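Visitor: Sharing a structure, written as structure tokens. Questions coming.
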Amino acid sequence: MNVFILGCSGFIGSNLIKYLLNYPKYIITGFDKNDSKINEFKDQIKFIQGDIQNENGLIKEIISDSDVIIDLIAHANPIKYIETPIEVVDLNFSQNLNIIKNCIDHKKRLIQFSSCEVYGMTGGDHSPVIFNEENSNLILGPIKNQRWIYSCAKQLLERLLYAYGKSGSINYTIIRPFNFVGPKIDFLIKNEEDGCPRAPAQFISSLLYGRSLKLVDGGKNYRTYLYIDDATRAIKLIIDNKNGLFNNEIINIGAPNNETRIEDLANLMIDLYQDIIGKNFKHGVENVDNLDFYGEGYEDCDRRIPDISKLEKVGWVPKYNLKETFRQTLEYYLKNNTPLN
Ligand code: UGA
């Protein structure tokens, strides 16, 4: 099966390729701006380095030779939604729309990565709403809260795909990932000025480089975390698409039982870290205001629990609990970095 992965060198792409390479039936072509996360197995795929905004028709050509196209190209980091909202819409909507149109032209199956972020908030009161692909409302804050621009761009892309699918123009599957975590997530920051990755990478950086773990507004909101190996197993099922089960479907991928408040996650990560290295972490946690941390325009998703019944029907369930998920992740980083504190 010829699989074309756009955005192959990101966190999800690199872990997905590593997993798919265990199965000789996949012939993988990957496209990305750089190869830093896939260096170790780059020679086992056809890697094309390029920029999606300036690729001179190459993408169209590869799509025409592929059986399935997996679009992972995205800016999926909240600081970007606030600092560069227009760039976020250009990449997450306009560029992805071009890929959709190419798939339509060549009658190719598309697996489009979207986001749990499309669900937005539960209403902002931490109610334990379970987000279902078919029935849940998508609740976003006001326009001035630019955090929601990414969610809105992804939602419009999904709505277009749905419309194209209904008119018979394309066979697609939309994936909504719920906070995947594991090796190679985002990037680490030695100093606070070096950038603003998502919470797991922030916390790992703080642990490794000896800083307090920052809790935005006290870390009172919830997330569910899924270990990346569980995620890649689910994505493979969607690629294989036995009996066409995932044709024109939206699929949540997440771990409803791995829910934690961010504050509790920070403390769990400190405990795990101390346990693994056998030393005390002396910097602890620190509360920060969202305005100081992200700047104007931030508003948070209060809670998001996925309904995973569509995947359960094909026998998939997450294998890693919350503790094991973060133990595996921290062990990877501690094997590859020496803590400075
Ligand atoms: C992000 C993206 O916006 C989603 O599109 C994506 O689907 C999701 O990650 C994902 O990984 O699946 P979010 O969960 O809000 O969404 O990303 P984080 O930056 O990791 O924030 C999680 C929570 O931790 C938020 O409450 C945030 O305020 C808090 N946080 C973040 C901290 O308390 N400290 C930090 O250092 C960073």
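Visitor: Under 8 Å for C-alpha pairs, at least 6 residues apart: give me the relative contact order for region 179-330, rounded to a whole percent.
Guide: Once divided by the residue count of region 179-330, the mean separation gives 36 percent.
Visitor: Enter the angle in degrees (range 0 to 90, nearest 10) between the Cα long axis of helix 149-166 and the first principal axis of the Cα atoms of the chain, meaning the one along which they spread out most.
Guide: Result, in degrees: 30.
Visitor: Given H placed 1.01 Å from N in the peptide plane, which residues other than close sequence neighbours of Ile27 have an amide H under 5 Å from its amide H?
Guide: The list, which skips near neighbours in sequence, is Asn2, Val3.
Visitor: Report the extension gain between Asn248 and Glu296 in nm, rounded to one decimal, defined as 0.36 nm multiplied by the number of residues separating them, less their alpha carbon distance.
Guide: 13.5 nm
Visitor: Which FRET efficiency value, to the nearest 0.05, do you get for Lys42 and Thr338 by plugging their Cβ-Cβ distance into 1/(1 + (r/R0)^6) with R0 = 22 Å?
Guide: 0.25
Visitor: Quick one: 3J(HN,Hα) in Hz for region 223-236, Karplus 6.51/-1.76/1.60 with θ = phi - 60°, rounded, Gly and Pro as x.
Guide: Result, rounded to whole Hz: 9, 10, 10, 10, 5, 4, 5, 5, 5, 5, 4, 5, 5, 4.
Visitor: Here's another thing I want to ask about it. Only bridges whose two residues both fall in the chain count here: according to DSSP, what percent of them are antiparallel, nearest 5? Walk me through the intermediate numbers first.
Guide: Details: 3 of 38 bridges.
Expressed as a percentage, antiparallel bridges in the chain total about 10.
Visitor: Right, something else. Do you know the relative contact order of the chain, to the nearest whole percent, from alpha carbon pairs under 8 angstrom that are 6+ apart?
Guide: Once normalised by length, the contact order is 20 percent.
Visitor: So, by mean Cβ neighbours within 10 angstrom, what's the order for 222-235, 316-329 with the highest one leading?
Guide: 222-235, 316-329
Visitor: Here's something else I'd like to know. How much FRET efficiency would the formula 1/(1 + (r/R0)^6) give for Lys279 and Asp194, where r is the Cβ-Cβ distance and R0 is 25 Å, rounded to 0.05? List each step's numbers first, then the result.
Guide: Details: r = 24 Å, r/R0 = 0.97.
Once rounded, the FRET efficiency stands at 0.55.
Visitor: Separate question: Evaluate Rg over Rh across the chain, taking Cα atoms for both radii and Kirkwood's formula for Rh.
Guide: 0.95
Visitor: Quick one: if the Förster radius is 35 Å, what FRET efficiency do Asp65 and Val288 give, using the C-beta to C-beta distance and rounding to 0.05?
Guide: Once the sixth-power term is evaluated, E becomes 0.10.
Visitor: Follow-up question, since we're still on this one. Working from Cα positions, state the angle (0 to 90°, nearest 10) between the long axis of helix 262-277 and the longest principal axis of the chain.
Guide: On a 0 to 90 degree scale, this one is about 80.
Visitor: What accessible area per residue, rounded to a whole number of Å², is obtained for region 9-113 using a probe radius of 1.4 Å? Spell out each step's value before the answer.
Guide: Values: 4830 Å² over 105 residues.
About 46 Å² of surface per residue is accessible.
Visitor: Let me ask something additional. Using each residue's phi in region 5-22, evaluate 6.51 cos²θ - 1.76 cosθ + 1.60 at θ = phi - 60° and report the 3J(HN,Hα) Karplus result to the nearest Hz, with x for Gly and Pro.
Guide: Each residue's phi maps through the Karplus curve to give 10, 8, x, 6, 9, x, 4, 6, x, 5, 5, 5, 4, 3, 6, 5, 5, 6 Hz.
Visitor: Hey, what angle do you get for helix 96-105 against the long axis of the chain, alpha-carbon based, 0 to 90 degrees rounded to 10?
Guide: Tilt of helix 96-105: around 20 degrees.
Visitor: Treat every Asp and Glu Cβ in region 153-204 as -1 and every Lys and Arg Cβ as +1, leave all other atoms uncharged, and give the resulting dipole magnitude about the Cα centre to the nearest 20 debye.
Guide: Taking the Cα centre of region 153-204 as origin, the dipole is about 360 debye.
Visitor: Mind grabbing the base-10 log of I(q)/I(0) for region 141-285 at q = 0.09, 0.10, 0.17 Å⁻¹? Debye formula, identical points on the C-alpha positions, no solvent, two decimal places.
Guide: Each listed q maps to, in turn, -0.40, -0.49, -1.09.
Visitor: In what sequence, highest mean first, do 120-127, 93-100, 161-168 appear when ranked by Cβ atoms within 10 angstrom? Can you show the working numbers first?
Guide: Details: 120-127: 15.9, 93-100: 18.2, 161-168: 14.2.
By packing density, highest mean first, the sequence is 93-100, 120-127, 161-168.
Visitor: For the residue pair Asn2 and Asp264, what label-to-label distance in nm results when each label sits 7 Å from Cα along the Cα-to-beta-carbon direction?
Guide: 4.9
Visitor: If you don't mind, there's one more thing I want to ask. Would you please name the trypsin sites (Lys or Arg not before Pro) within region 242-300 that are DSSP coil residues with at most 12 other C-beta atoms within 10 Å of their C-beta?
Guide: Those that pass, being in a loop and sparsely packed, are Lys279, Lys282.
Visitor: Label 7 Å along Cα→Cβ of Lys220; region 108-130 residues with amide nitrogen under 14 Å?
Guide: Counting backbone N atoms under 14 Å from the label point, the list is 124-127.
Visitor: Same structure, new question: What nm distance separates the two modelled labels at Ile27 and Asn132, each placed 7 Å from Cα along Cα→Cβ?
Guide: Result: 4.3 nm between the two label points.
Visitor: Give, as a single signed number, the net charge of other residues whose beta carbon lies under 12 Å from the beta carbon of Asp240, with Lys and Arg counted +1 and Asp and Glu -1. Don't jump to the answer; show the numbers that get you there.
Guide: Working: positive: Lys25, Arg109, Arg233, Lys236, Lys242; negative: Asp67.
Around Asp240, the surrounding residues sum to +4.
Visitor: Further, regarding this structure: Show me 249-255, 141-147 ranked by packing, highest mean number of other Cβ atoms within 10 Å first.
Guide: With the highest mean Cβ count within 10 Å placed first, the list reads 249-255, 141-147.
Visitor: Largest first, how would Met1, Met269 line up by accessible area (1.4 Å probe)?
Guide: Solvent-accessible surface, decreasing: Met1, Met269.
The values are calculated or read from the model by the stated rules, or taken from the named source; none is laboratory data. Values in this document were obtained by computation on a predicted structure and should not be read as measured data. Counting neighbours? That spans all protein chains shown, and the Cβs are built from the backbone with ideal geometry, glycine included. Keep in mind that these areas ignore ligands, DNA and RNA; they rest on the heavy atoms of the full protein, side chains included. Shrake-Rupley method; radii C 1.70, N 1.55, O 1.52, S 1.80 Å.
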